[in-house]
Amino acid sequence: MTMTLSARAWTVTISSSTGRPVLTCSACPQPIVAVGADGVVQVRRHLVGHLVESQLPAYLRICQCRERACAWHGRQGPCSGALRLLLIRADRGLTWHLADACASCAAAIPCAAAVPEPPQEAAVRHVGAPAGDAFADLTCEPVEWVETL
């Protein structure tokens, strides 16, 4: 019997072919038209929604950088150290990753910052957009924790 674990790693890319920021998420089936002008805030809120929904216990988490052959920094040595939740900015801010990474990989990834885990009681209102150009409500609660990202 094999067991598939959900990985705690998500990628959101910002594009703007229509003049409005459009978010393409690695975990969502449809692109999402961002609400408001600040696409980066929407990206953070969207990533937080996936994180809070994931609810993966700490003992089941693994270094997601290693799972991707250390593509975020290039292999420099074995994974080691405690896992950290990282927010990674790539492509001049057009691509964002939120993922678990070991201390060794976290130190080697450029443009990455460790972020706090969500509070256990974090409730989230994470609604994806329907097909087409409909807008999505990507707000999450509690706002104070989201803004720390």
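Odds and ends about this structure:
- Qualifying residues in the range 65-92 (those that are closer than 22 Å to residue 50 by Cα, of a type outside the set (A, V, I, L, M, F, W, C) and at pLDDT below 90) - the one most open to solvent (accessible area, probe 1.4 Å): 66
- Tally of residues being of a type in the set (S, T, N, Q) and surrounded by 14 or more Cβ atoms within 10 Å (Cβ to Cβ) across the range 16-29: 1
- Filtered residues of the range 48-62 (kept if among the hydroxyl-bearing types (Ser, Thr, Tyr) and open to solvent by less than 50 Å² (accessible area, probe 1.4 Å)): 54
- Of all residues assigned to the range 32-55, none qualifies as being modelled with pLDDT of 85 or more and in a loop (DSSP other than H, G, I, E, B).
- Any pair with Cβ under 7 angstrom, 6 or more apart, that starts in the range 8-35 at a residue that is over 30 Å from residue 57 (Cβ atoms) and of a type in the set (D, E, K, R) and ends at one that is open to solvent by less than 30 Å² (accessible area, probe 1.4 Å) and in a loop (DSSP other than H, G, I, E, B): 20/34
- Hits in the range 17-53 - residues which are of a type in the set (S, T, N, Q) and over 11 Å from the mean Cα position of the chain (by Cα): 17, 18, 24, 30, 42
The values are calculated or read from the model by the stated rules, or taken from the named source; none is laboratory data. Bear in mind the structure is a predicted one, so any value in this text is a computation, not a measurement. No Cβ is skipped: glycine too gets one built from the backbone with ideal geometry, and neighbour counts run over all protein chains shown. Keep in mind that these areas ignore ligands, DNA and RNA; they rest on the heavy atoms of the full protein, side chains included. Shrake-Rupley method; radii C 1.70, N 1.55, O 1.52, S 1.80 Å.
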